[in-house]
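No value in this document is a laboratory result; all are computed from the given coordinates. Here the structure is a predicted model, which means the values were calculated and not measured. For neighbour counting, all protein chains shown are included, and Cβ atoms are generated from backbone atoms with ideal geometry for every residue, glycine included.
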Amino acid sequence: MPSPKARSSAARSGSVPCTGGNVRYEFISLNRAPPPQLLQRQGSDPTTARLRASESPNRRRGSGSSTSSAGGQQLPEEDCMKLNPSIVGIAFSSLLAIDLWLSKRLGVCACEDASWGSVRPLMKLVEISGHGIPWLAGAAYCLYKSDSAAGQEVLLNLLMALFLDLVLVGVMKAVVRRRRPAHNRMDMFATFSVDGYSFPSGHATRAAMCARFLLAHLVLAAPLRVLVLLWATFVGFSRVLLGRHHVTDVAFGFFMGYWQYNLVEMLWLSPVVLQSMIGQLH
Ligand SMILES: CC(C)=CCC/C(C)=C/CC/C(C)=C/COP(=O)(O)O
């Protein structure tokens, strides 16, 4: 059961539990004084450094096309351009700020001491239900047991889809390299090295892709179809509740998984292709 005490203390302190000693600054507010470590790194006494930090970019830019630093050194034009963010940049930063804030607020099962920490074991079961290993093992086992050509075709394509998902998510994570939320505990079952990264959520891509796959080929009964949709939604939502992901990681994961299924349909291995592949093996 959620503990109101834990929730109120987290709210009072303005922080999220579970960070232990590994506290990371997400933002440094422009309206507040920077932390003392930052002031020291600026190489002067706190008052001078605070004044320097609160200088507006416009004042620092001066009137010419280049900028004077404290030592009178001229900065190149490109450095000045970075101080002038575009509308798109501001919108992107604002979205990221909202994302970080919301993800932190929703990470209520991020550890046992968090406000909904008691339901963490249940969330971890949901996590396992969307993990790659049970899906790969289940599809391979069903393929081995299947004695109809139609069943084998569907299951082989499901296996292909699951591998495709692992590759695409792995590449995307390696390119984007977004850190997982600061309040996440890295106690996940069986991960690859790229799973240290957050964007996109592999569970969300798999849940969305597999849900579409199941609905298109394997699950026909209406109540079960509703269950499949609920499961996929819950897998994605549980990623944020567990503190594993930011909201945007999961939202993009659903989007990517949805489109991955279209790719699977395009690459569908038909019985003719399968026969020729088996023929080449013999
Ligand atoms: C046979 C083979 C290559 C199996 C690998 C299965 C495996 C370890 C998948 C990783 C699943 C995982 C932990 C994804 C991370 O999900 P996020 O939602 O945290 O991004």
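For the range 195-282, a crude dipole built from +1 on the beta carbon of Lys and Arg and -1 on the beta carbon of Asp and Glu, taken about the Cα centre, is about 160 debye to the nearest 20. From least to most packed, judged by other beta carbons within 10 angstrom and beginning with the fewest, VAL176, VAL167, VAL119 follow the order VAL167, VAL176, VAL119.
Using θ = phi - 60° in the Karplus curve 6.51 cos²θ - 1.76 cosθ + 1.60, the 3J(HN,Hα) couplings for the range 91-100 round to 4, 5, 5, 5, 4, 5, 5, 5, 4, 5 Hz; x is entered for Gly and Pro. Computed from backbone phi, the HN-Hα couplings of the range 147-163 come to 10, 9, 4, 5, x, 5, 4, 5, 5, 5, 5, 5, 4, 4, 5, 5, 5 Hz, rounded to whole numbers (Karplus: 6.51 cos²θ - 1.76 cosθ + 1.60, θ = phi - 60°; Gly and Pro given as x).
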